[in-house]
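Scroll down for the structure; my scribbles are underneath it.
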Amino acid sequence: MRFYLTTAIDYVNSRPHLGTAYEKITADVIARYKRLCGIDTYFLMGNDEHSQNVYRRALEQGLDPLAYCDQMEREFRAVWAQLDLSFDDFIRTTEPRHRAAVQELAQTCFDNGDIYEGVYEGWYCVSCEAFKQEKDLLDGKCPLHPTLSPEWIREKNYFFRLSRYRDALLAHFRSTPTFLQPEMRRNEMLRLLESGLEDISVSRAGQHWGIPLPFAPDNVVYVWFDALINYAAAVGYGTDEARFSVWWPADLHIVGKDITRFHTVVWPAMLMSAGLALPAAVFGHGWVHFGGQRMSKSLGTSLDPSDVARRLGPDSLRLYLVKELSYGSDGDFTWERYEERYNVDLANNLGNLVSRVAAMAEKYRGLRLQPVGAGGRLAALAGTVLDRYRASMDSLALHDGAAAAFQLVDATNEYIAETAPWTLAKNTANTARLDEALFAAAEAVRVAAVLLRPIMPASAAEILRRVGDTTPIDALRLEQHGRWRAEGTREIVKGPPLWPRVEEAGPAKEITVEQPATTPAPAEEPRITIDEFMKVDLRVAKVLEAEAIPKSKKLLKLKVDTGRDQRTIVAGIAEAYPPERLVGRTVVIVANLQPATLMGVESNGMVLAGSPDGGQPILVGFDQDVTPGARVR
Ligand code: MSP
């Protein structure tokens with residue numbers, strides 16, 4: 001059995017943010033789940049490079065566009081590695097294999113009479129890379145990019161006869177209800193199809209950054225027509241027909257709700273025109289917001305997934321995104337909620353359970369547990385949980401799959417409280433009951449770890465090691481290892497707490513930027529480790545704007561360029577620095593502080609300054625030029 005799974009390919013005009021990372025993490029969970037089920041899985045991710053925004057960004061940086069895309073590929077791959085994403089292939093739209101596929105598909109559609117010449121006149125949103133109708137705009141702006149003005153373009157274009165496929169698409173939607181999930185997105189698309197389809201422009205004139213149309217090489221292929229073909233290109237369309245016939249059609253495209261139209265209307269019509277099979281299913285997930293706001297670089301509401309993963313570990317982030325957000329709907333990320341869930345699910349619940357099982361195994365049985373009995377009600381529950389987990393994961397209710405695993409964790413904690421091994425241990429008449437309780441608790445943890453393996457890969461592997469499961473990690477199979485096993489001695493392994501509690505509110509929110517003074521630590525204060533220090537992301541930044549904050553003597557509102565984003569930081573340096581002296585100045589900031597609101601202004605970081613006792617702050621600086629974004633360590 002095979003499973004071909006893809007995600008949207010990302011525009012590389014900026015680094016991944018938590019929203020784009022969410023999509024990739026959830027797809028990774030699905031890929032890992034399929035592998036756990038023993039299915040031969042091909043998981044594709046990639047970068048979408050032929051966008052005008054990418055081209056402009058490269059020029060802004062004085063780089064050749066391809067060199068810029070190479071650099072961004074490295075950045076993307078580094079973030080994806082940090083999040084433990086297990087893709088099998090990573091495609092870039094500037095690769096020869098992709099170009100060959102795009103040209104072949106465009107030529108085939110042309111030969112089949114579905115591409116014709118015309119003139120396009122209308123609005124274009126460069127950020128969406130989409131043609132917009134007047135009715136799509138809100139006060140003349142694209143609703144998704146309200147800070148930008150759409151461009152009016154009039155150019156000779158080639159059009160794709162999308163209208164020809166409307167009836168076939170409607171019939172497909174009706175005959176295959178699982179084609180677009182979840183249901184609410186399917187209804188949206190059905191309404192759109194019922195209202196009729198217009199032909200779409202599939203080329204851009206006068207541009208060089210893109211793939212030339214084979215039958216009209218002065219035109220480049222429109223970025224969406226180009227990008228969608230990546231899914232076929234990666235498995236050999238246009239370059240390796242034998243391979244293509246093995247993997248095509250795709251089983252599942254994971255994409256955001258904003259781009260389901262491209263994937264369930266435009267893409268299938270292109271495939272129909274080229275005589276290719278349609279993907280089995282498209283899942284349109286919801287959006288992750290940050291503190292209730294749409295994540296956007298330009299609005300300063302973007303979160304870097306590396307920063308989040310660095311704070312409490314990649315698996316904690318993966319669990320939060322999968323368990324706390326109902327897959328398919330929008331959800332929210334706040335630091336407060338994230339820490340709260342971390343403490344509840346990981347520090348207090350799962351982490352504590354793993355530690356308790358090991359501590360009791362050591363104390364009462366020298367770390368060696370023997371099977372006694374069939375596991376009783378905990379074993380029965382594990383069976384029910386496995387069924388719930390499987391049904392949830394198969395239907396892409398990933399949040400419920402995670403909840404199922406935690407149902408077993410909760411029940412195991414309750415089981416320990418009820419069987420009270422510490423009481424049983426007081427009387428040798430209870431030896432068998434103690435053995436049974438200890439083994440059952442360890443076995444339940446083992447089963448829960450197998451279920452959590454797709455969601456928290458490294459942590460699950462570590463838990464399995466601690467409860468004495470010696471199966472090579474990639475050989476784990478749900479059917480075999482996700483079931484209760486009442487046999488085999490277990491050699492339990494002790495280890496440090498997996499998830500130490502974090503203190504809520506946290507020092508980050510208390511940052512008194514008004515007094516950047518950091519009083520020298522008293523000599524007896526405990527020292528921190530290098531790892532603890534490295535958690536503080538110190539970076540070089542450049543001040544772009546500075547202004548006083550009304551009614552505050554000490555605070556200034558700064559807009560700084562961190563090399564990755566532009567953000568607002570409130571700094572308590574007004575008494576020593578007039579705003580105009582700061583613009584253009586290089587400063588050092590703590591980049592990964594939680595946001596804090598000071599005098600009504602949200603501060604996203606802290607500017608470092610020396611703070612002599614009783615004196616005024618003196619900004620930290622360098623004796624040579626350093627570019628914004630450089631790390632300080
Ligand atoms: N390049 C196109 C996709 C082409 S696929 C043939 C694109 N790129 S994107 O970088 O803008 O977005 C990549 C994916 O991230 C999309 O599926 C998009 O919906 C998703 N997300 C962007 N912001 C998001 C959130 N805030 N939350 C969740 N997903 C988000 O579109």
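The values are calculated or read from the model by the stated rules, or taken from the named source; none is laboratory data. No experiment lies behind these values; they were computed from the predicted model shown. Don't worry about glycine lacking a Cβ; one is built from the backbone with ideal geometry, like all the others, and counts go over all protein chains shown. The protein model used for the area step is the full one, side chains on, heavy atoms only, and it has no ligands, DNA or RNA in it. Shrake-Rupley method; radii C 1.70, N 1.55, O 1.52, S 1.80 Å.
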(message) Apply the Karplus curve 6.51 cos²θ - 1.76 cosθ + 1.60, θ = phi - 60°, to the phi angles in segment 200-206 and return the couplings in whole Hz, x for Gly and Pro.
(response) 10, 6, 10, 9, 10, 9, x
(request) At 7 Å along the Cα-to-beta-carbon direction for both SER163 and LYS535, put a label point, then send me their distance in nm to one decimal. (result) 6.1 nm
(request) May I ask for the distance between the Cα centers of segment 380-454 and segment 583-633, given as a whole number of Å? (result) 48 Å
(message) Give the aspartates and glutamates reachable from LYS553 as a straight Cα distance under 15 Å; neighbours fewer than 8 places away on the same chain don't count.
(response) GLU514, GLU575
(message) Explain nothing, just the number: dipole magnitude of the chain about its Cα centre with +1 on each Lys and Arg Cβ and -1 on each Asp and Glu Cβ, in debye rounded to the nearest 20.
(response) 1180 debye
(request) Collect residues whose amide H, placed 1.01 Å from N in the peptide plane, falls under 5 Å from the amide H of ASN219; neighbours closer than 5 in sequence don't count. (result) LEU213
(request) Starting from the amide H of TYR4, placed 1.01 Å from N in the peptide plane, find each other amide H under 5 Å away whose residue is 5 or more places distant or on another chain. (result) TYR42, ASP251, LEU252
(request) Could you run the Karplus curve 6.51 cos²θ - 1.76 cosθ + 1.60 with θ = phi - 60° over segment 448-455 and give me ³J(HN,Hα) per residue in whole Hz, x for Gly and Pro? (result) 4, 5, 4, 5, 7, 3, x, 8
(request) Multiply the residue gap between ASP136 and ALA78 by 0.36 nm, knock off their C-alpha separation, and tell me the result in nm, one decimal place. (result) 17.2 nm
(message) If the reach is capped at under 20 angstrom between alpha carbons, list the lysines near LYS34, excluding any in the same chain fewer than eight residues apart.
(response) LYS24, LYS323
(message) I need to check one value: relative contact order of segment 432-481, counting alpha carbon pairs closer than 8 Å and at least 6 residues apart, in percent.
(response) 35 percent
(message) Over 20 Å intervals from 0, what percent of Cα-Cα pairs in the chain sits in each interval?
(response) 17, 44, 31, 8, 0
(message) On a full-extension model of 0.36 nm per residue, what is the gain between GLU188 and ASP561, subtracting their alpha-carbon distance, rounded to one decimal in nm?
(response) 130.3 nm
(message) I want to check the label-to-label distance for LYS553 and ASP89. Put each point 7 Å from Cα in the C-beta direction and report it in nm to one decimal.
(response) 6.7 nm
(message) Leaving out ligands and nucleic acids, and using a 1.4 Å probe, what accessible area per residue does segment 375-471 come to in Å²?
(response) 34 Å²
(message) Under 5 Å between amide hydrogens, which residues at least 5 positions from GLY331 or on another chain qualify, with H placed 1.01 Å from N in the peptide plane?
(response) TRP287, VAL288, HIS289
(request) Arrange the peptides 434-441, 139-146 so that the one whose residues have, on average, the most other Cβ atoms within 10 Å appears first. (result) 434-441, 139-146
(request) Give me the net charge of VAL543's neighbourhood, meaning all other residues with Cβ under 10 Å from the Cβ of VAL543; Lys, Arg count +1, Asp, Glu -1. (result) +2
(request) Please work out the FRET efficiency for the pair VAL632 and ASP199, using the Cβ-Cβ distance as r and a Förster radius of 41 Å; give the result to the nearest 0.05. (result) 0.15
(request) Using the Karplus curve 6.51 cos²θ - 1.76 cosθ + 1.60 with θ = phi - 60°, work out ³J(HN,Hα) for each residue of segment 387-393 in order, rounded to whole Hz, and write x for Gly and Pro. (result) 4, 5, 4, 5, 4, 5, 5
(message) Under 26 Å between alpha carbons, and skipping anything fewer than 8 positions from LYS559 in its own chain: which lysines qualify?
(response) LYS141, LYS297, LYS509, LYS535, LYS542, LYS551
(request) For the chain, give the share of DSSP beta bridges that are antiparallel, in percent and rounded to the nearest 5; count only bridges with both residues there. (result) 65 percent
(message) Can you give the local net charge around LEU319? Use residues other than it whose beta-carbon is closer than 11 angstrom to its beta-carbon, Lys and Arg +1, Asp and Glu -1.
(response) 0
(request) Count the net charge of all other residues whose Cβ sits under 13 Å from the Cβ of ARG74, scoring Lys and Arg as +1 and Asp and Glu as -1. (result) 0
(request) Leaving out ligands and nucleic acids, note down the accessible area per residue over segment 40-196 with a 1.4 angstrom probe, in whole Å². (result) 47 Å²
(request) Summarise the accessible area of the chain (1.4 Å probe, protein heavy atoms) by the percent that is carbon and sulfur. (result) 51 percent
